[in-house]
1. Treating the beta-carbon of each Lys and Arg as +1 and of each Asp and Glu as -1, no other charges, what is the dipole magnitude of the range C:196-244 about its Cα centre, to the nearest 20 debye?
2. Remind me, relative contact order of the range B:170-242 in percent, using alpha carbon pairs under 8 angstrom and six or more residues apart?
3. In nm, one decimal, shortest first: how far is the label point of D:Leu208 (7 Å from Cα along Cα to beta carbon) from the matching points in the other copies?
4. For the protein assembly as shown, what proportion of DSSP beta bridges, expressed in % and rounded to the nearest 5, is antiparallel?
5. Principal axes first, then extents: for the Cα atoms of the range D:72-230, list largest minus smallest coordinate on each axis, whole Å, largest first.
6. State the answer as a single residue: which of A:Gly110, A:Ile83, A:Met190 lies farthest towards the positive end of the charge dipole of the range A:80-200, with beta carbon charges of +1 for Lys and Arg and -1 for Asp and Glu, about the Cα centre.
7. So who's got an amide H within less than 5 Å of the one on A:Ala34, skipping anything under 5 residues away but keeping other chains? H placed 1.01 Å off N, in plane.
8. After finding the eigenvalues of the alpha carbon gyration tensor for the protein assembly as shown, what semi-axes result from the square roots of 5 times each, listed largest first in whole Å?
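Please treat every number below as a calculation from the coordinates, not as lab data. Small disclaimer: the values here were computed from a predicted structure and weren't measured. Positions of Cβ are generated from backbone atoms using ideal geometry, with glycine treated the same way; all protein chains shown enter the neighbour counts.
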4 protein chains.
Amino acid sequence: MSEIAHLGPVEMFTPRGDESLAFFVDIMGMEIEAQKGPATYLRGWGDYQRWSLKLIASDTSGMGVLGIRAWSPAALERRVAAIEAAGLGEGWAGGDLGRGPSYRFRDPDGHRFELYYECERYDPPDHLRPALKNVPGRYTGRGCAIKRLDHVNILAADVRANREFCVDTLGYRLYERIELNDGSEAGAWMSASIAAHELIYTRDARGLTGRLHHLAFWVDTREECLRAADIWLDAGIEIEAAPSKHAIAQGFFLYGIEPGGNRVEVTTGGRFVYAPDEPCVVWTEEERKKGQAWGVKTVESFHTYGTPPA
Amino acid sequence: MSEIAHLGPVEMFTPRGDESLAFFVDIMGMEIEAQKGPATYLRGWGDYQRWSLKLIASDTSGMGVLGIRAWSPAALERRVAAIEAAGLGEGWAGGDLGRGPSYRFRDPDGHRFELYYECERYDPPDHLRPALKNVPGRYTGRGCAIKRLDHVNILAADVRANREFCVDTLGYRLYERIELNDGSEAGAWMSASIAAHELIYTRDARGLTGRLHHLAFWVDTREECLRAADIWLDAGIEIEAAPSKHAIAQGFFLYGIEPGGNRVEVTTGGRFVYAPDEPCVVWTEEERKKGQAWGVKTVESFHTYGTPPA
Amino acid sequence: MSEIAHLGPVEMFTPRGDESLAFFVDIMGMEIEAQKGPATYLRGWGDYQRWSLKLIASDTSGMGVLGIRAWSPAALERRVAAIEAAGLGEGWAGGDLGRGPSYRFRDPDGHRFELYYECERYDPPDHLRPALKNVPGRYTGRGCAIKRLDHVNILAADVRANREFCVDTLGYRLYERIELNDGSEAGAWMSASIAAHELIYTRDARGLTGRLHHLAFWVDTREECLRAADIWLDAGIEIEAAPSKHAIAQGFFLYGIEPGGNRVEVTTGGRFVYAPDEPCVVWTEEERKKGQAWGVKTVESFHTYGTPPA
Amino acid sequence: MSEIAHLGPVEMFTPRGDESLAFFVDIMGMEIEAQKGPATYLRGWGDYQRWSLKLIASDTSGMGVLGIRAWSPAALERRVAAIEAAGLGEGWAGGDLGRGPSYRFRDPDGHRFELYYECERYDPPDHLRPALKNVPGRYTGRGCAIKRLDHVNILAADVRANREFCVDTLGYRLYERIELNDGSEAGAWMSASIAAHELIYTRDARGLTGRLHHLAFWVDTREECLRAADIWLDAGIEIEAAPSKHAIAQGFFLYGIEPGGNRVEVTTGGRFVYAPDEPCVVWTEEERKKGQAWGVKTVESFHTYGTPPA
């Protein structure tokens, strides 16, 4: 256990760079840490690293490199060896802003990852310095005031193969999954901590590879999710799924589409998994038909739409 | 009953105009509706009139004119006659921004009031237009994102005399009051609606007249009060009383001092009074010693500080 | 204005008396104030009268008498005269538990009402006495711990006729309504106070008369609505509509069906209407197609189901 | 890392067994899993084990055995070896209800611990079976409806010695601590997960050993902490510290004294520590004088009172 510490930062492409940037800064309430060419490095007030989202103006949407921080230099070495043994390694890269040497690899579905250990802690400028020394940045309360990147849900043509890679090779713990009547796997929820999920794979309904389902950003309370819905409504952001509670993982959600077309979630809650021998919860096709926790039916687009669009 | 509709708008003086304005716009999240000389007209997203707070750069702090809207033109006439009969009238004035003819008077303690009926409804510009047609303005979520002016607490050398004037002459309902062991009145909570309070008098500990205790701005949830405390903490706003629940009226509160020295509250909750024959709750000196609802002791400054300062 | 104080108490029939009673006591958290034959008198901790719901074991479901308290004895006389003039009066009755003389009448759709002024305030026994003297009853926190009856939504074959009666004859204020493309009225939201609604008429999709859409019970926070959904889910109560926010009136809701078949709502929030000249908001057919505030589509049964069932 | 999974269950003594039991069942909302002689085994709806609190009727108050679950059988062996090497081991015991072999030891201050790996998962009876399969027990909503045991704060004559034992020998991570001007340590906050704290040592103001400061029980939202305060107020439970936010660890709290004299907390929130190399936050004497996060001064008894009382 504990070969990996947590997921992130993550890169996201957008064909509408200015509008997407305005969304993440003005509506989601993130701060700009740096800009380099087409890329803007963004952070939530609770991210301990310098940035958690790298927004890249591009001709398409979807996810770029997804970072994973190893637990230690030794764990990094062990995981790199395992990835190489799995035949999915691509070699060392120089890292990125505030990040040390990073090992590049792809999951079986082709998503790009970088595993690293070294990184800089955020040192806020005066106007973003918080009052309490155990908080990374100032809580300005702008827009949705998201705290940090929480989890990433990616699509895969073969969920099981990718899930097995993440568990066996990266060291993720598997907490919940969906198994359809035909025995195939429709989704897998994995975590490197007691948090209910951090890395999620769900089936790509188009059978495509390398696509993104959504990036999820954390707020501390359900009230902030409800508040985010009001902000999105008035700002004209497309709400795909209004706030409610997931059955799987029990997270509270708000889903919408940012101007570049990528799905974004504001999330909180979710169960904590304290048992070291927690059995994986397996949801059946019939159970999933009941909808979300309180019976809300999942909108169709949630099962079919990903970025870049098909 | 129902001779008066509600309290507000209100004027507030500040010896630090720029800092106070920044506080109400950036921290409290109000919008600037207009500016005239030293005065800035401000509004919350839920105020149905064009403005609820007129911030006036001055050489002192404290409250200026406190508006009260009559229920109807006929009610306005009746109340003016009653005020004149009470010998406290000062005559008609031209009103203010978006407000028709206003009758000026003073309460027995000398605070300045204007009673009016005619006023303009807020018609938002495009960038502040809300998605729902039953909401006055857009919810941008900036800072504390206060919704509207809620109530005003003024100090008086003789609480009982002022309370009797408000009930007998203006038509307020008296819901709760404090009676000390010596028979004197230390506070009175009045309302023109089912809301627990709108106009509050508490005893001026210095024996001075015409002073302000605090202006209270509404948010819809207790979570927003807690969130406001985080915003104030990081913005360096002086928190006088951290969020908790009042015993009297049951309102949830956060108190602080704005840069000009005036006490400001972010408030929500409070009981609704549906009974037309609701008996006035009388709190004794001994009961008040128990502190707030959950036992929090009221800070000493709350009993002694008002603006302008003594 | 202010001829009537508020709506309630209300009678509800249930063909499954024991299960319905268990629902209101164990799940909704109400207290039993009295029992008489097939009727149980129930109250929320925040109801100032002795009871707000009279649950009557019967062979059917639906609403019985709906009480309305007049603002004063004089207002009661005036309203009785107006009802008689409208030809809908049925005469004086002896009242009910803790209630004085009541004037019986029917709305144009045939629902039974009683208008009264005299009533007893609740005087709690020791084990239900609250700590604060401005609260009617003890907050035990059992189940959903609803505070009080909030509003009633009844169905009518002709919404407009009933709405006009309530406004013109009873003195209700009309805050919002739905007008379809054919000019007919599909719903009307009325109140006797600043609260957004108290008495609602919506169109009976079956064209029947005298039916109930739902009774709504108040909790003070949205978090309590979310919590109620968790309680209902685990208790096996049918959730018809998961918690979300209405566009009309802006109330936060949770809808379900109690064991007797009647629809029940746990509600909070909703806008306050402070303007005495507030224009009625008229929603069009097209606007209603957008669903609730955050885009949730209303479930079909919400438009068609009422009690007693067709 | 990850030699230990989590803290608990815990034993608590009470000289008023019946009243304490009523408190934990009726007010805190726990379920009785079993009873054996003077001991009652209690659980929250979210505890995955059969019980998290063993309440023992006794002639005194305070804490009995505090359990810690090892991450694996191998980790258990390694930690036992380390404890024995530290000279604090007492040998193997048979475990307790639903718990396998447990290794007994004492911390340097003399508190009794048991380290174990094997334990039974809770299998609810039908009337406590939840609707969702990833939840251990039914959410009945009774009283404060606490979810699970969260953390334990014990007193020690020498905080540093005990903290060093927990970090060096047991494998806890140290997230925050207080260092006074004289260089002594007044408190240490440790965790086995990303949660901000699980095991806390603070200085025993009386210089005594083996005493308890408080047991903390988790609820998922701040609103539930506020609600718990209302329940405690009306139930006559002594509120020692009304709901507010800690500066250290950022947890939201409500503190009170259960009928047996032990301090109990209802808690939620608190920061998550995702960085594997998170530096320990060291609070100075001066910083602690600022009070809690929003400036609330800590009540004096919080610094001096523990159980059993001196």
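1. Details: 5 positive and 9 negative charges, 72 e Å.
Result for the range C:196-244 is approximately 340 debye, rounded to the nearest 20.
2. Details: 66 pairs, mean separation 11.9, N = 73.
RCO, the range B:170-242: 16 percent.
3. 5.0, 6.8, 6.8
4. Working: 224 of 312 bridges.
Of the beta bridges lying entirely in the protein assembly as shown, close to 70 percent run antiparallel.
5. 52, 39, 26
6. Working it through, the farthest residue towards the positive pole turns out to be A:Met190.
7. Under 5 Å from the amide H of A:Ala34 lie the amide H atoms of A:Tyr41, each far enough along the sequence or on another chain.
8. Numbers: eigenvalues 486, 237, 225 Å².
They are 49, 34, 34 Å, listed from largest to smallest.
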